[in-house]
Amino acid sequence: MPKIEGMINAKSNKNDEFYTQYEDIQKEVNAYLEYNPDVFKGKTILLPCDDPEWSNFTKFFAQNFERFGLKKLISTSYAYESKKISEPYQLTFFETESPKYDENKTKSHGKIFILDKDINNSGKIDIEDLQWDYLDGDGDFKSEEVKKLRDEADIIITNPPFSLFREFLKWIMEAKKQFLIIGNINCITYKEVFPLIKENDIWLGNGMGRWISGFIVPEGYELYGSEARIDENGNRIVATNNCLWLTNLEHGRRHQPLQLMTMEDNIKYSKHKQIREEKYPKYDNYDAIDVPYTDAIPSDYEGIMGVPITFLDKYNPEQFEILGHTYSGDTNEAVEKIRLDPQKRNRGLVNGKQKYDRILIIKK
Ligand SMILES: C[S@@+](CC[C@H](N)C(=O)[O-])C[C@H]1O[C@@H](n2cnc3c(N)ncnc32)[C@H](O)[C@@H]1O
C-alpha cells in the first residue's frame, strides 16, 4: 500500500482523522479467531467508514477473505459534503483526486467496494488495486443507502469517527448486529454505552491503551508524545494510549479470572503504598469501599466496591457483577440503594475528597 498522503479536510473534525494500522487490526482479529476459528465463516462484513483505496480494515479483510471463509465483504466511505462549490474542495486525508459530484455539483459521492464469494469465486484479489465504485449518496452511515448495507451485514467492523461514536454504536445496536469497533476509553462511561456493558450485551475487546500501538495521522498533524514516529512507508504515527476495542464478539480473555489477593494480604503486601497506608476507605456518599487499583481488588470482600473504569479491561462476568457507576445520573436500583447522601449524588467522596469515576462491582 502506498504512503498515505494528503491534508485534513477543512470541514472534517480533526479528531476523526486517526487511521488504524494494519498490525493493530490483525492482532485484535486474531484473538477472536483463536477463540473461534469459524467466527467469520459464511458471514457478511461491512466496513462502513473505510475508503477501499486506503483503509487497512479493507486491506486486511480483503486479503483474508478466503482464509476467513467470508461470504461477502463490503467497504464504504464517506465523502464530505461540499455545499458551496465555489469553495475550492480540499481533499480528505487520503484522496488523491477530487471526488465525483452529482450533476448539480453540490454533493459528492462516497465509495463502495464489494467482494462476494459467489461473484469473485475465481480467486485472485489484487490487494494493491481494489476495484471500487461510487455510491449513489455520500456514504454517510446514517443514509438509507448505507443502512441497507448494514441490514444485510452480519458483522460491522471499523474505527468510526470519534465525534459520532454514540450515534454510531446506536446505529449498530438498533439493527442488532455483531460488531468490533474502536473507541476512546472515555466512551465506557457514556450513558449510551455503560448500560450495555453492565448488562453484558457488549464488552471490551482484547486490550486497551497501549494494546493499540498507534494511529496514522495526516500530514500537518503534530507528532506529539515520545512514541510518535514515522513508519517505513512514511506514515506518521501517533501513540495515543487512550483507545480500546469494543465488541459483542466472544473472545477468551474475558472469561479468564482476575488473580487477586485477600484484603488482609493486600493491606500487608500490596505494591501500592496507598493501599498499605490508607487501606480500603468507605465512601462518604456510597455504601461501598474505594479500590483505586484493579490489581488491589480484595478477593474476599463480599460488599460493594468502587473500582477504576480500566477494570473493565479485566472484567470477567463470571467473577464479578457490575452494579453501576458513581455518577449522578445512574438510577439503577442497586446504586440508589447504596447512596448515603441524596445531596451528593456525584462521584465517590472519601473524607470529603472526590475520587475519579468508579465502577461499582460486587463479587459473584
Ligand atoms: C477515525 S477515521 C478511521 C478511518 C478508518 N476506519 C480507519 O480505521 O483507518 C473515521 C472515518 O470516518 C469517516 N466518517 C466521518 N463521518 C462519517 C459518516 N457520517 N459516515 C461514514 N463515515 C464517516 C471519516 O471520513 C473517517 O475516514
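Is one or more of the residues making up segment 316-326 surrounded by 15 or more Cβ atoms within 10 Å (Cβ to Cβ), more than 28 Å from the chain's Cα centre (by Cα) and either in a loop (DSSP other than H, G, I, E, B) or of a type outside the set (A, V, I, L, M, F, W, C) (or both)? Looking for residues that are surrounded by 15 or more Cβ atoms within 10 Å (Cβ to Cβ), more than 28 Å from the chain's Cα centre (by Cα) and either in a loop (DSSP other than H, G, I, E, B) or of a type outside the set (A, V, I, L, M, F, W, C) (or both), one finds none in segment 316-326, hence no. Being away from the ligand (no atom under 15 Å from the Cβ), part of a helix (DSSP H, G or I) and in contact with a Leu (Cβ under 8 Å, 6 or more places away or on another chain) is the filter here, so list the residues in segment 17-66 that pass it. Matches in segment 17-66: Tyr32 only.
Which is at pLDDT 90 or above and under 22 Å from Phe68 (Cβ atoms), of Asp151, Asp133? Outline the logic, then answer.
Working: Asp133 fails: under 22 Å from Phe68 (Cβ atoms).
One residue alone meets the criteria, Asp151.
Scanning segment 139-177 for residues that are of a type in the set (D, E, K, R) and in contact with a Ser or Thr (Cβ under 9 Å, 6 or more places away or on another chain) yields Glu145, Glu152, Asp154. Contact map, segment 58-74: residues that are on the phi > 0 side of the Ramachandran plot and assigned by TED's automatic domain parsing to the domain that holds Ile181 paired with residues that are outside any helix (DSSP H, G or I) and surrounded by 21 or more Cβ atoms within 10 Å (Cβ to Cβ), Cβ distance under 8 Å, separation 6+ or inter-chain. Pairs shown: Gly69/Phe40. Consider segment 172-181 and keep the residues that are surrounded by 16 or more Cβ atoms within 10 Å (Cβ to Cβ) and outside any helix (DSSP H, G or I). The one that is farthest from the ligand (Cβ to nearest atom) is Gln178.
Table: residues versus (1) within 16 Å of the ligand (Cβ to nearest atom); (2) more than 22 Å from Asp140 (Cβ to Cβ); (3) modelled with pLDDT under 90; (4) in a strand (DSSP E or B).
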{"residue": "Ser163", "(1), (2), (3), (4)": "yes, no, no, no"}
{"residue": "Lys170", "(1), (2), (3), (4)": "yes, no, no, no"}
{"residue": "Gly183", "(1), (2), (3), (4)": "yes, no, no, yes"}
{"residue": "Cys187", "(1), (2), (3), (4)": "yes, no, no, no"}
{"residue": "Lys191", "(1), (2), (3), (4)": "no, yes, no, no"}
{"residue": "Asp201", "(1), (2), (3), (4)": "no, yes, no, no"}
{"residue": "Glu219", "(1), (2), (3), (4)": "yes, yes, yes, no"}
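For segment 138-161, the set of residues classified as within 15 Å of the ligand (Cβ to nearest atom), surrounded by fewer than 19 Cβ atoms within 10 Å (Cβ to Cβ) and not in a helix (DSSP H, G or I) consists of Lys142, Ser143, Pro161, listed by residue number. Restricting attention to segment 258-268, does a residue exist that is of a type outside the set (D, E, K, R), touching a helix residue (DSSP H, G or I) at 6+ places or on another chain (Cβ under 9 Å) and without any contact (Cβ under 8 Å) to a residue 24 or more places away in the chain? Yes; the residues of segment 258-268 include at least one that is of a type outside the set (D, E, K, R), touching a helix residue (DSSP H, G or I) at 6+ places or on another chain (Cβ under 9 Å) and without any contact (Cβ under 8 Å) to a residue 24 or more places away in the chain.
Screening Ala334 with (1) assigned to a loop (DSSP other than H, G, I, E, B); (2) surrounded by 12 or more Cβ atoms within 10 Å (Cβ to Cβ) gives one miss only, at (1).
The values are calculated or read from the model by the stated rules, or taken from the named source; none is laboratory data. Bear in mind that the values here come from a model prediction, so they are computed numbers and not experimental data. Counting neighbours? That spans all protein chains shown, and the Cβs are built from the backbone with ideal geometry, glycine included.
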